[in-house]
Each structure stands twice: as C-alpha cells, then as structure tokens.
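To start, the structure under review is shown below, and the notes come after it.
The values are calculated or read from the model by the stated rules, or taken from the named source; none is laboratory data. Just so it is clear, the model here is predicted, and its values are computed rather than measured. Positions of Cβ are generated from backbone atoms using ideal geometry, with glycine treated the same way; all protein chains shown enter the neighbour counts.
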C-alpha cells in the first residue's frame, strides 16, 4: 500500500522503530499507515499519522497493579501489543488532532480499559523520550 503521509513523518517513524528494536528490545513491530495493516481486514482506513504497533519486553504501566506477594511464583503475563505515535519535539498538537488519532484506534477488548498510545517524542539529535497517553481521564495508580 502506498503511504499518503509526508516523507518526514515516515522518517520519524523509522527512527522510533529503530530505537524500539535496538535499544528497548521491542518485538513484533509493524509500521502502520492504516489499521487494516495489523489484521487481515480488507478495509484500509488511513490513520491520521503513521504509527507503529509492537510488543515491549515487559508490560508497560498498568493502572491497576497486582498486589505485591513474595510467595507468588506465577509467571508474568505476556506484555500487550502497544500503539506508538512518533512525533517531533517541535510539533504542536491540538485537541482535535489528538481526538482524530484516538478515534482511529480500535476500542480495547476489555471494556474497562481506556485507549492508550505510547507517544515517542524525537528531538533534533534523534533522542527519543516515551510517554503514555490515555484517551480520557484515567485514575492514577495507588502505590
């Protein structure tokens, strides 16, 4: 599928993909221009921005952590696949842009969960900083 996105956005995505693979050991990373890229659906609805979809080595932030137990030896659950949105440090986003990005993502299978993306902010020297952004208000986790 030919991309409808600007070349600089695709290059930004390539920088983030390389960073996730080589420095953070993510696996199963797929570049996304349309949500159908991640499944076998025939409808190719373009995303507002090029994104990535992949699996981190460990589960990212969980708003409801399991209680700590020193005797629990059960294996950790496999980390969930995450959406990653590459952005440049100099970019500005309006609420309308954020809403369009979140609206393009599918609803999580667990109806209690909010949609979330990992925002990868790339600076001019290719340093990448990651933030988790939720769609709507999410109650902070109690430690």
**Prompt:** Does segment 57-80 include one or more residues that are modelled with pLDDT of 65 or more and assigned to a strand (DSSP E or B)?
**Reply:** no
**Request:** Confirm whether residue 86 is in a strand (DSSP E or B) and at pLDDT 85 or above.
**Result:** yes
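Restricting segment 19-39 to residues that are part of a strand (DSSP E or B) and either modelled with pLDDT of 85 or more or in contact with a helix residue (DSSP H, G or I) (Cβ under 6 Å, 6 or more places away or on another chain) (or both), which is nearest to residue 60 (Cα to Cα)? Even if it seems obvious, please write down each step before you answer.
The initial filter retains those residues of segment 19-39 that are part of a strand (DSSP E or B), namely 27-34.
So of that shortlist, the ones also either modelled with pLDDT of 85 or more or in contact with a helix residue (DSSP H, G or I) (Cβ under 6 Å, 6 or more places away or on another chain) (or both) come out as 27-32.
On the way: 27: 14, 28: 16, 29: 15, 30: 18, 31: 20, 32: 20 Å.
Looking at the filtered set, the residue picked out is 27.
Please enumerate the residues belonging to segment 109-127 that are in contact with a strand residue (DSSP E or B) (Cβ under 8 Å, 6 or more places away or on another chain) and under 19 Å from residue 61 (Cβ atoms). Full working, then the answer.
Here is the first cut: in segment 109-127, the residues in contact with a strand residue (DSSP E or B) (Cβ under 8 Å, 6 or more places away or on another chain) are 114-123.
Within segment 109-127, 114, 115, 116, 117, 118, 119, 120, 121 qualify.
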**Fill in**
Among the residues of segment 4-24, the number that are surrounded by fewer than 18 Cβ atoms within 10 Å (Cβ to Cβ) and either within 13 Å of residue 129 (Cα to Cα) or within 15 Å of the chain's Cα centre (by Cα) (or both) is 6
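Within segment 128-143, how many residues turn out to be in contact with a strand residue (DSSP E or B) (Cβ under 9 Å, 6 or more places away or on another chain) and either surrounded by 14 or more Cβ atoms within 10 Å (Cβ to Cβ) or more than 20 Å from residue 28 (Cβ to Cβ) (or both)?
In the first step, residues of segment 128-143 are kept if they are in contact with a strand residue (DSSP E or B) (Cβ under 9 Å, 6 or more places away or on another chain); the result is 128-135, 138.
Those left that are additionally either surrounded by 14 or more Cβ atoms within 10 Å (Cβ to Cβ) or more than 20 Å from residue 28 (Cβ to Cβ) (or both): 128-131, 133-135, 138.
Selection size over segment 128-143: 8.
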**Asked** Among the residues of segment 106-142, which ones are more than 22 Å from residue 8 (Cα to Cα) and either assigned to a helix (DSSP H, G or I) or in contact (Cβ under 8 Å) with a residue 60 or more places away in the chain (or both)?
**Response** 106, 132, 138, 139, 140, 141
**Prompt:** Which residues, taken from segment 94-118, are within 18 Å of residue 6 (Cβ to Cβ) and surrounded by 15 or more Cβ atoms within 10 Å (Cβ to Cβ)?
**Reply:** 101, 104
